[in-house]
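Read through the structure below, which is laid out as structure tokens, and then see the notes.
All of the numbers you see were taken from the coordinates with simple rules; none came from a lab. This structure is a prediction, so every number in the text was calculated from the model and none was measured. Here the Cβ is made from the backbone with ideal geometry for all residues, glycine too, and neighbour counts use every protein chain on show.
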Amino acid sequence: MDETPILVEQRAGYRLITLNRPQRLNAFTEAMHRALMAALAEAEADTNCRALLLTGAGRGFCAGQDLSDRLAGGDQRPDLGATIGTFYNPLVRKLRALPFPVVAAVNGVAAGAGANIALACDIVLAARGASFVQAFARIGLVPDSGGTWFLPRLVGAARARGLAMLAEPLPAEKAESWGLIWKAVDDDKLMGEAEKLCAQFASAPTFGLAQIKGALDASETNELDAQLDLERELQRACGFSPDYAEGVRAFMEKRVPNFTGRRG
Ligand code: T3D
């Protein structure tokens with residue numbers, strides 16, 4: 001069952017990564033973490049990769065940590081700080097820092113760290129049948145993988161507390177109306193919509209998009225003054241990029257731009 005915990009498919013200009021432990025709703029094991037991080041590193045190293053699509057095999061997106069691994073030690077209590085530090089935090093940091101957009105296609109339930117890993121992606125599309133569950137409180141844990149950071153910023157303090165402390169499933173349409181995700185789409189349209197989005201990103205000005213990711217993340221902690229300075233510097237860098245030159249030329253010539261997606 002765990003021989004290929006993730007599947008990687010090349011597309012024109014982007015990669016599709018599928019979490020592939022459907023019998024366990026794609027819950028994370030160490031092997032899956034290692035395979036996913038290796039796939040992300042490979043995508044980052046490939047300068048032709050201009051977007052990433054993350055989804056789950058079967059009826060779920062991801063159920064967070066595989067809890068059967070947590071019984072294995074018997075009476076010995078696991079050091080969860082160690083696994084968070086070794087696996088989950090580097091994963092979230094990597095998703096945020098990838099120099100191209102990351103799209104999550106949430107095909108079914110996203111629970112525990114699985115929900116927050118979806119929220120760490122740049123654009124979250126979810127099937128109407130999908131739901132988001134901050135399952136942690138049910139087993140005495142705190143939302144991790146950025147949950148306590150993403151939730152209040154995306155849905156506000158009151159809803160963040162409700163989601164985190166009650167651990168009730170939030171259906172995709174409500175997640176959209178609360179601003180937790182970009183869009184809920186019909187179940188049978190999910191992958192088509194997500195692939196269309198990635199194809200669009202695959203011909204977009206990748207360097208500029210990477211600066212947008214960085215700027216929006218920085219705005220979470222910057223004062224306006226610092227953010228204005230940051231925008232000035234990012235705009236300076238974008239202004240030197242070949243895709244900006246092409247964008248302006250194409251606009252003036254009234255044609256579709258042909259962006260190279262060069263990263264710097
Ligand atoms: O440990 C550390 O390193 C710290 C890090 C923690 C990060 C975390 O993510 S902690 C939170 C862990 N996740 C959960 O607590 C969620 C557990 N799962 C559920 O609550 C439910 O399965 C769902 C709400 C996600 C879906 O419910 P439902 O009714 O649609 O499906 P199900 O029947 O519960 O699950 C289907 C199968 O997947 C089932 O196996 P079976 O009975 O068919 O053999 C179930 O046991 C298995 N499964 C689902 N989630 C997990 C899992 N097996 C292991 N670990 C799971 N997380």
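General observations
- Comparison of 138, 128, 93 shows that the only residue that is closer than 27 Å to residue 179 by Cβ, near the ligand (Cβ under 9 Å from one of its atoms) and charged (D, E, K, R) is 138.
- Hey, residue 52 in contact with a Lys or Arg (Cβ under 7 Å, 6 or more places away or on another chain) and closer than 21 Å to residue 262 by Cα or not: yes
- Residues in region 141-176 that are among the acidic types (Asp, Glu), away from the ligand (no atom under 11 Å from the Cβ) and closer than 13 Å to residue 113 by Cβ: none.
One line per residue, one yes/no per condition, for (1) within 19 Å of residue 119 (Cβ to Cβ); (2) assigned to a strand (DSSP E or B):
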| position | (1), (2) |
| --- | --- |
| 8 | no, yes |
| 17 | yes, yes |
| 26 | yes, no |
| 34 | no, no |
| 37 | yes, no |
| 43 | no, no |
| 49 | no, no |
| 55 | yes, yes |
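- Taking (1) within 7 Å of the ligand (Cβ to nearest atom); (2) more than 12 Å from residue 117 (Cβ to Cβ) in turn, residue 88 satisfies each apart from (2).
- Residue count, region 26-40 (criterion: more than 16 Å from the ligand (Cβ to nearest atom) and touching a residue at least 40 places away in the same chain (Cβ under 8 Å)): 1
- Flag if residue 34 is surrounded by fewer than 20 Cβ atoms within 10 Å (Cβ to Cβ) and in contact with a Pro (Cβ under 9 Å, 6 or more places away or on another chain): yes
- Annotation note: Cβ proximity below 7 Å between a residue of region 85-96 that is of a type in the set (Ser, Thr, Tyr) and a residue that is part of a helix (DSSP H, G or I) (sequence gap 6+ or interchain) occurs for 88/113.
- The requirement of being touching a helix residue (DSSP H, G or I) at 6+ places or on another chain (Cβ under 8 Å) and closer than 24 Å to residue 9 by Cα is not satisfied by residue 67.
- Being outside any helix (DSSP H, G or I), over 21 Å from residue 121 (Cβ atoms) and more than 12 Å from the ligand (Cβ to nearest atom) is a property that holds for residue 76.
- Subset of region 107-152 that is in contact (Cβ under 8 Å) with a residue 40 or more places away in the chain and among the charged types (D, E, K, R) - its residue that is farthest from residue 192 (Cα to Cα): 144
- Selection of region 170-194 for residues being surrounded by 18 or more Cβ atoms within 10 Å (Cβ to Cβ) and out of contact with any Phe, Trp or Tyr (no Cβ under 6 Å at 6 or more places or on another chain) yields 172, 176, 180, 181, 184, 185, 190, 194.
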